[in-house]
Structures are given as structure tokens and as C-alpha cells.
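Read the structure below first, then the notes.
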Amino acid sequence: MSLATTPTTAVDSAEPRPRRRGYGRYVLSKVAGAVGSLLFMLVVSFFLFRVLPGDPARTLGRGRFTNPEQIEEFNRTYGLNESLPRQFLTYLQNTFSGDLGISLKYRVPVSDLLLDRMWPTLLLVGTSTILATVIGVWLGIRGAWNRGSTFDKASTGASLTLYSMPEWWLGLLLIAVFAVGWGPIPGIFPTGGLHSTDVDPSSLAGVLDTAWHLTLPVITLTLAYLADYALIMRSSLLDELGEDYLTTARAKGLRDIVVRNRHAVPNALLPTTTVIALSMGFIVSGAITVETVFSIPGLGLLGVEALEVPDYWVLQGTFLVAAAGVILANLAANLLYGILDPRVRT
Amino acid sequence: MPDLLTMRDVSVTYRTEGGDVPAVRGVDLALSRGEIVGLAGESGCGKSTLASTILRLQPPSATVTGQVLFEGEDVLTMSWGDLRALRWAGASMVFQGALHSLNPVRRIGDQIAEPIRVHSPETPDREVEARVGELLEQVGLPPTRARAYPHQLSGGQRQRVMIAMALACRPRLIVADEPTTALDVMVQAQVLDVLSALVHELGVGMLMISHDLSVLADLCDRIVVMYGGRVVETGPAEGVFGGALHPYAGALSAAFPRVGDPRARFAPSGLPGDPPDPAQLPPGCAFAPRCPRAIEECTRAVPELRSFGADRSAACIRVAS
Amino acid sequence: MSAAGGDGGGGALRPPATLSARQLARRRRRDALGRNWRIFRGNRSGLLGLAILASFVLVAIAAPLLASPEGLDVTKATGGVLEPPSSEYWLGTDDQGRSVLTLLIWGARISLFVGLAATLISMVIGTLVGLTSGYFGGWAGGALFRVTEWFLAIPFLPFAIVLATVLGRSLLNIIIVIGVTSWPSTALLIRSQTLSIKERPYLERARVLGAGRWHQMSRHVLPNLMPMVFANTTLTVAIAILTETTLSFLGLGDPTRVSWGSMLDDAFAVGAITTGAWWFIVPPGVCVVLVVLAFTLIGQALEEVLNPRLKDR
């Protein structure tokens, strides 16, 4: 008894460790990882665009240059006649100062193009990701909680099918049915683009018009993304359902729905967060193809159009932006994970 | 008649792919207000399954028959609303392996406060906090630890948190399912001290489950020994531990010497063979295949529990009346 | 498959003493295979996947018997432009007057071949990197792990697009592109598995008995990894086929060969959607979905066999 009533060890009486310090260290390591990834991405991009093509002037220009002066001019502009390390330094300098070259097709700085085309992509991808996360997580929770029910079987089957489907093909089908019209279904949605030509995009009518244009693409991307999230959420919640702390919660007299929402779901969201973070690259893929199919003037379409020229600097610019976006989104998800899970903080 | 808990002819059967598995077969058990009863037996003998029926926490694949009366009301048939009101406020549990029994992502203070908030929702926040601090102090932890997460505590501290949590709503009964199994010996002793002191002090009834008969003999008023899903012996703690009637209870006492080498506990002396598989119970007495005193007659019929004196019974035909 | 299923008792008649250690090990592995096949057979969706896949593989192998390769030649096309399905052209014709069914049958070859070949590359790189970084640890293992993580952070499709553009458009290049961009997740999986196998007691025993690193790796680590690699392979094939379809759709495929992706690219380019030529759009997509679904279902069933904890799902 005497052992028990007095605090026994030093650990017992110690104050809980200050939270910020643990989280600070975690943040630092994750930021360092992201910086490493960003640098690696720059190196990869350098090799992809300057070393692999062999003679960049010939490959990059591809028949564009008719006389040696033009080639010389091209090489000087991009520092291509200097040594490789020297080129790398110039490349780093240019990239960090926002100089990503001049588009061969549009004849404007690539950075201007990227800034201009970023908003439609962010709007499309942001809306779809949020919708997909909410719906996917909800489907996963419902499926796992009533495992084996008709709802579970239907949603798992639908998720697996959507997961196996190229998202742009789904987009094509939706266009064919809801934009062109099929049988008795009238084609009420626009087949593509972001605005109608006759509406001012900044007016209320213009905003509604944009929303109208984005409906089908957002549905396509939401369906494509949510399959993954629903499957992951379902399986991580199923993992949690066998855990003892849920029995404790039930023994405490909590309603089943409270046991689920307050105890099981927060724990199941942790692995789901990690998977969503890792699926950022998949989100980018969806943006590229769906923008192509619906002709939405975003970064994805910019990149795909640059393929045909081929407009190397635009390709490089979109590659860098996409990679940086994924790395930063990944970092954000990791930091969120740290807030959600106390175990990584200490 | 015992006024707190009465279990009558309780049987639990698990439905599995390989057929029905009887885990508990017709157990009677009674517990009075403030009494401490020990439930002993090897793993797989059905003791944890039996305990889970007290709060109707058995898994969905289990069918329970018989009666589990808590203060005269049958837990097995009461409405979900009544059952929720009974859970934790009437009877609470201390689970084994507190690391898994506590939610890893919530502060322990919140987890201790949770049943208070559920059962008395009108309690002001400040009062709940004060109560949590008081409970932590009762189990020998500083109230500031309420802000800690389970992974920041040691095994012994976590188990104390479980005890504090079990006391939160001032229950009349605590079911402690192997509360110290996962701990090392020194910590085990500390946790048991805390538990028994509080239970005595607060006059709470307790059903304590363990495979270690010596621990039960120290803490409990009465001991119930289970084997193969049935009660094989029951009686006052000292009587069962010191002078067991049933050969299995005797072997169990010998296997856990009160003072001794903890390494000996996993090599029970005088107990050859393995505990029976509930899916394939032998005919007659389940213990017969391992019993040194078994005769042919033991394998014919399941022995009934017979009285030996006022508060003593055993299920063995080899014990002379 | 049935050979594996009916196995297990084959060598049992011989007295055990005549079996060498290697024979014993082989028999044990064969028994395990039989056991696993029995578990797999109990998984209905896995069997469905296997059936779908088997029929596509049959079609791909028997392509020359089912449809003449001349049907792929634009100059020898006999049908009209985008003709709807008829008794002559069961799935209609494409914009060049070729039978869509013929294109589908021959496309199965390319899609499956690219998927499998790319997966092979991805598996070899992923297994080597994962095994090395997990098994050897230390400075080099850590560095390899970092590089893997960095690669994983680079978005897959932009990377593949850029690589395909730089390398040029050919069947071999598209295989290389998919293989080279899809290995990091495999490497991470193999690494974590290797780390856990490394801790197992029998490896410690082998170490104590003086087994060299190469012996440990080839005799103990790799055989234990193989089932995991196999399950992961089927899931990777699914992704590789999807990627091939997408890259071809974006016009990065081999221009001289017909795949399901290139059919969809053609269909999109000639406006089959607005003209309502559904027979040019729906069948290739359905084929992709079926094959990818088949690989996914098989992969999931295999994971379940290997990790019984997942069985309740």
C-alpha cells in the first residue's frame, strides 16, 4: 500500500513533456525531407531536359532552327555550351529567380503561362479532392461498420471498378451521355472549356457559368479519387474495429455511434491520411487527363499541348510545378498527421 | 441471497466455421455487495468469456443462455438503454493490457472523464476535471498526468489509469480481467496493492480474474476455479488455496507458490498436458485426461458440483464427502 | 494450377531419410503452394479475377486465329468510316474503316505485353533496391531509402510523360518509362518486409552458424520475400496497364501499333463522342477496366492468402 499511494518514480511526478518541442522536431525532420525531395526533383529535371536528350539544341528545337546562328543563340540563352556543373548552377539560379525560359509555342515567359493556368487547375483539383475525401471517407466508414451488408458490397464493388477505370475514359462517357446526349437523356452540360464566350467571367452569371462548365469534370475527378479513399478508409476502420479500446468505450456505456465516431474513426483516419498524402501524384495524373478531355485551360492541358510541339520549357515548367505541388501537399499531410497522432510528436 | 451479482446456469457458445464451440457450460456464480471473488483457471477455460457477459460485452458470434442478474435485473435481456445506464455506472471493468485498452490518440484525462460525462452529462466541466484529478491521486498518479497520452506512460501507470477510470462513476462492482498479467512482478504487486486498497476503502464489490491462484488467495474472500468452461471448485480463498478438494484446483495451487520464483509460473508443476480445446471436449470430466487420480468412471458422466460444508463445493467424484 | 492444388502427397511415399535437405525444402514449399491455392480457391472475387484474366490471355494468344492481322492495315481496310455494329463488323468500324473487334483483339496483346514487361522491370528494380537498402542497412542502405522516398514524391504521370517525350515514341520506350517510374512503392514494401525477415530467429541462427551474407540473402531472405513480391506484382501490372492506356491516350504510345489506349486516342481525336460512335469508345475502355480489375482482384486475393489477418474483409 505504501508503495502505491506515494508517487513511485521520477517519471510519475514529472510534468508532461512540452508538446511543441516534440512536434517541432517532427516538423523539422519532415521539412528537411521535403527540401531534399525538392532538390532531388530539380536534379531529375535538369537531367531529363538537358542531359538525356543528347544535343538539346537539336532535340529541343526539333527542326526549328534553320541556321547555325540560331543554334548558337539558343545555346547561349540557355547556357548550353558551358560545362555541365556550370550549366547546373545557371539552371538553379534561373529556376530560383523564377526564370523558367520562354515558351517556344506562345513566345511568352513560361512562368507567366504557369501562373495564368494555375487557377483553373487549383479550382478543379481542390473541389474534387475535398468532395472525394468527404464522400470516400463516409463510404468507407459506412461499409466497414456494416461489413458484409448490401451497402458494403455495392460500395466496395463500385470502388474497385472505379479504381480500375482510367478516369479520362469515365470523363469521355460522361460527356457522351450528359453533354452530347444519349437516347432520352438530353445533353445539357457543356462538352468542355471553362467559360462560355458570351459571359463575363467575373460577374455572377459568369461564376455560375464556370460552375456549370466544371460540373462534369469535377464529378469525373471526384469519382476517380474517392474510390481509393473509400477502400483505404474501409480497411483501416476494419483494422481498428478489433481493437480493445473500443470494447472499453462500449463498456463505458457509450452508444455505438459514439464509439464509432469518437474512438474508432479518429484512429482509422490516421493511416488514411498517410495514404491520401501518398496519392497526391495520382491527383496530378487525374488533373492532366481530365483537363485534356474537357479542354479546361489548366496546367495539365498546358503540359499536354506542349507535348505536341514539343515545347520543352513549358513541359519542364509544368513538371516542376506539379512535382513541387505534390511535395508540398505531401508535407502538409505529414504535418497534419503529426497534429492528429500524439505518438509521432513525442 | 447475494444482492449484487447472481449468475445462473450461464452458458456461452461461439458460432465458428468449424461448428459451435461451447466456451462456458452452465456456470453459477454469486457476489455480494463489497465482496471480492476470485475467478481462477488456465487461459481458454472460459473465465474471460464469462466475465464479458456481465456487461453483455461478448462478441456478436457468441450466444448466451441462462441469467446474469445485476442487482436483480437480468443483463442479458434488459433494453439497450438500461444496459448503457448500467455499464460503468453500475459495474465497470479493468481490462488486461492497458496499452490496447486505452485509446492511443486521446489524453488519459479525457478518457477517465468520458464515462462521467456520459452518465452525468449535467456535471460542470470544472467538477469533472477535479474528479479526474482526485481519481488520479487515488491511484498514486499526479493530477497533472491527465494531459498525458497513453504511450507516454509506463505499463504500471497505464494500468493505474485503467483503475482510476473504472472508479470514475463510483460503481458497485468492478470486473478486473487479469489486471496485472502484462506487467513485471514488482509493478504487478504495486498495482494489486492500489486495487485492493481502493476496493476495500470504497466498499466496492470485485470479480477478479487471474490464472494465478496465489494472487487471488491474497486478495479475495472467495475463489471460484473454472476448468473446461465449468466451475470445478468454489470456497473461501484460504480453503481453496491451502486445501483444494478438486485435483485441478490442487494442481493450480501448487503451480503458483505464494512466494517464489516468477519463472516457475509458466511451468506448472504436477500439471502435464494442455488445457482442453473447447471445440473438442473429452466425455465425462474435462480434466480426466490430465488428472492423476482419474479412474474409468470419470470419463462416463460430467461430475456435478457437490457441497462439502456450508460454503464449499467441488465437482469431482473422487472427493469423499 | 490444378497440379499445385492436388499436390502435397507426391513425395510422401518415399522414406524421409532419402530426401536431401534441398528436396525437403522444395517439398515443403510445394506443400505451402498447395495450401495457399486452397485458400485462394475459397476467395470468390479472386477466382473471378483469374477467370477474366485467363480469357483475355487466351484471346491475346489466339489473336492470329481470331482475326487476321491484315485487319490492322489501314490500306487494306474494307469497311466504311465509323460504321455502327453490323453482322459483318460486330463492333462497328473505326475512322479508317477497320473492324473495332479486330483492333480490340490485337490491342489485348500490346496492352498485356506492355503491362507485364513494364512490371518485370519495375519488380527487378524495386526488389533489388528494397532488398539492398533493407538488408544491408547502414550508410548505403539509408541513402538508397532516401532516394526511393524522393522518387516516390515525384508525381508519376508528369514524370512518365516527360521521360516518354525525351526518349521518343516506341514500344520499348513506353515499357522502360513505366518500369522506371513505378518501382519506388515496390522498393519500400520489399524494404520493410526485408527488415522484418532480418529479425526472425532462423536468420539469427544462420548468422551464428557462419552463413555468409549472400547465402543468407539468397537462401533465407529472398525465398521468404517471393510470395509478397508476387502479390505486389499483380497489383503493379494493373497500374502498368492503366498507365500504358493513359500514355497512349496522350499520344505517347508507339504510333505503329494498336493498343486499347491508342484506340481511345483515335476515337477522341476524330470526335467519336460528339458523333455518337459509342462502339469506338466503350469497348476499349471496358476491356481496360476488366483486365485491370482482374489483376486487382487477384492481387487482393493473394494478399489475403499471405496475410490471413486480412481475411475478414
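The values are calculated or read from the model by the stated rules, or taken from the named source; none is laboratory data. Here the structure is a predicted model, which means the values were calculated and not measured. Cβ atoms come from the backbone with ideal geometry, glycine included; neighbour counts cover every protein chain shown. These accessible areas exclude ligands, DNA and RNA; they are computed on the full protein's heavy atoms, side chains included. Shrake-Rupley method; radii C 1.70, N 1.55, O 1.52, S 1.80 Å.
For helix A:280-293, what angle does its Cα long axis make with the longest principal axis of chain A, in degrees from 0 to 90 and rounded to 10?
Rounded to the nearest ten degrees, it is 50.
HN-Hα J couplings of segment A:227-244 from phi, Karplus 6.51/-1.76/1.60, θ = phi - 60°, integer Hz, Gly and Pro as x?
Once rounded to whole Hz, the list reads 4, 4, 5, 5, 5, 5, 4, 4, 6, 6, 5, 4, 4, 5, 4, x, 6, 5.
Would you report the distance distribution of C-alpha pairs in the protein assembly as shown as whole percents per 20 angstrom bin, up to the bin with the largest distance?
Spelled out bin by bin, the protein assembly as shown gives 11, 34, 32, 18, 5, 0 percent.
Taking a quarter of the surface of the convex hull around the Cα atoms of segment B:104-168, what do you get in nm²?
Average projection, Cα convex hull of segment B:104-168: 3.9 nm².
Using Cα-Cα distances under 8 Å and only pairs 6 or more residues apart, what relative contact order does segment C:129-216 have, in percent?
Value for segment C:129-216: 40 percent.
I want to verify the translational diffusion coefficient of chain B in µm²/s; compute it with Stokes-Einstein, Rh as the Kirkwood radius over Cα pairs, at 4 °C and 1.567 mPa s.
So the translational diffusion coefficient is about 63 µm²/s.
If you rank A:LYS30, A:LYS252, C:LYS76 by how much accessible surface each has, with a 1.4 Å probe, what is the order from largest down?
From most accessible down to least: C:LYS76, A:LYS30, A:LYS252.
Work out the charge dipole of the protein assembly as shown with +1 on the Cβ of Lys and Arg and -1 on the Cβ of Asp and Glu about the Cα centre, then indicate which of A:ILE219, B:GLY90, A:LEU115 is farthest towards its positive end.
B:GLY90
Whole-Hz ³J(HN,Hα) for each residue in segment C:215-227, computed from phi via Karplus 6.51 cos²θ - 1.76 cosθ + 1.60 with θ = phi - 60°, x for glycine and proline: what do you get?
4, 4, 5, 7, 8, 10, 6, 4, x, 6, 7, 3, x
For chain A, what is the mean residue ellipticity at 222 nm derived from helices alone (per DSSP H run of n ≥ 4: -39500 (n - 2.57); sum divided by total residues; nearest 500 deg cm²/dmol)? List each step's numbers first, then the result.
On the way: 16 runs with 240 residues, N = 346.
Taking each H run of at least 4 residues, the total per residue is -22500 deg cm²/dmol.
When the helices in chain C are scored as -39500 (n - 2.57) per DSSP H run of 4 or longer and the sum is shared across all residues, what 222 nm value do you end up with, to the nearest 500 deg cm²/dmol? Provide the component values of the computation, followed by the final result.
On the way: 14 runs with 217 residues, N = 313.
Rounded to the nearest 500, the figure is -23000 deg cm²/dmol.
Cα axis of helix A:299-308 to longest principal axis of chain A: angle in degrees, 0 to 90, nearest 10?
Roughly 40 degrees, rounded to the nearest 10.
Compute the helix-to-body angle for C:171-181: its Cα long axis versus the longest principal axis of chain C, expressed 0 to 90° and rounded to tens.
Roughly 50 degrees, rounded to the nearest 10.
What's the whole-number percent of alpha carbon pairs in segment A:199-346 lying beyond 17 angstrom?
Counting every Cα pair in segment A:199-346, those more than 17 Å apart make up 73 percent.
Can you list the residues, at least 5 places off or on another chain, whose amide H is less than 5 Å from the amide H of B:VAL94, using H built in the peptide plane?
B:VAL175, B:ALA176, B:ASP177
Binning at 20 angstrom from zero up to the longest distance, how are the C-alpha pair distances of chain A distributed in percent?
Using 20 Å bins, I get a P(r) of 23, 46, 25, 6, 0 for chain A.
If the viscosity is 1.306 mPa s and the temperature 10 °C, what Stokes-Einstein diffusion coefficient in µm²/s follows for segment B:1-146 when Rh is the Kirkwood radius over Cα pairs?
Taking Rh from Cα pairs, D becomes 91 µm²/s.
Where nothing but the Cβ of Lys and Arg (+1) and of Asp and Glu (-1) is charged, how large is the charge dipole of the protein assembly as shown around its Cα centre, in debye to the nearest 20?
So the magnitude is around 2520 debye.
Against the empirical 2.2 N^0.38 Å scaling, what ratio does the C-alpha Rg of segment A:123-176 come to? Provide the component values of the computation, followed by the final result.
On the way: Rg = 13.1 Å, N = 54, 2.2 N^0.38 = 10.0 Å.
In units of the 2.2 N^0.38 Å rule of thumb, it is 1.30.
What's log10 of I(q)/I(0) for segment C:211-259 at q = 0.27 Å⁻¹, Debye sum over Cα points only, no solvent?
Computed log10 I(q)/I(0) values: -0.93.
List the relative contact order of chain C as a percent without decimals, with contacts defined as Cα pairs under 8 Å and 6+ residues apart.
In percent, rounded to a whole number, it is 23.
If a helix is a whole DSSP H run, which ones in chain B reach 24 Å or further along their own axis (Cα) and hold a mean Kyte-Doolittle hydropathy of at least -0.5?
B:185-202
Determine the shape class of segment A:72-176: with a ≥ b ≥ c the square roots of the Cα gyration tensor eigenvalues, call it rounded for a/c under 1.5, and otherwise prolate if a/b is greater than b/c, oblate otherwise. If you can, show how the numbers build up before the last one.
Details: a/c = 3.43, a/b = 2.89, b/c = 1.19.
Prolate, since a/c reaches 1.5 and a/b exceeds b/c.
Could you tell me the largest-minus-smallest coordinate of the C-alpha atoms of segment A:241-318 on each of the three principal axes, in descending order and whole angstroms?
Principal extents (largest minus smallest coordinate, Cα): 67, 21, 15 Å.
If you average over every viewing direction, what projected area does the convex hull of the Cα atoms of segment C:47-312 give, in nm²?
That works out to 17.0 nm².
Treating the beta-carbon of each Lys and Arg as +1 and of each Asp and Glu as -1, no other charges, what is the dipole magnitude of segment C:47-312 about its Cα centre, to the nearest 20 debye?
Charge dipole of segment C:47-312: 1340 debye, to the nearest 20.
Compute, for chain A, the length of the dipole vector about the Cα centre, with Cβ point charges of +1 (Lys, Arg) and -1 (Asp, Glu) only. Units Debye, rounded to 20.
Here the size comes out at about 1280 debye.
Out of segment B:272-321, which GluC sites (Glu not before Pro) are coil in DSSP terms and have no more than 12 other C-beta atoms within 10 Å? Don't skip to the answer; put the middle values down first.
Working: sites: B:GLU296, B:GLU297, B:GLU304; in loops: B:GLU304.
Those satisfying the criteria are B:GLU304.
What 222 nm value per residue comes from the helices of chain B, counting each DSSP H run with n ≥ 4 as -39,500 (n - 2.57) and dividing by all residues, nearest 500 deg cm²/dmol?
Helices in chain B give a 222 nm mean residue ellipticity of -8500 deg cm²/dmol.
First obtain the Kirkwood hydrodynamic radius of segment A:149-260 from its Cα pairs, then insert it into the Stokes-Einstein equation at 25 °C and 0.890 mPa s, and state the resulting D in µm² per second as a whole number.
141
Dividing the Cα convex hull volume of segment B:1-86 by residue count, how many Å³ per residue is that?
Output value, Cα hull per residue: 96 Å³.
Considering only C:GLY271, C:SER259, C:PRO227, whose Cα is most displaced toward the positive end of the charge dipole of chain C, charges sitting on Cβ of Lys, Arg (+1) and Asp, Glu (-1)?
Towards the positive end, the residue furthest out is C:PRO227.
Specify which residue in the list B:PRO142, B:PRO115, B:ALA168 is farthest towards the positive end of the charge dipole of segment B:104-168, using unit charges on the beta carbon of Lys, Arg (+1) and Asp, Glu (-1), about the Cα centre.
B:PRO142
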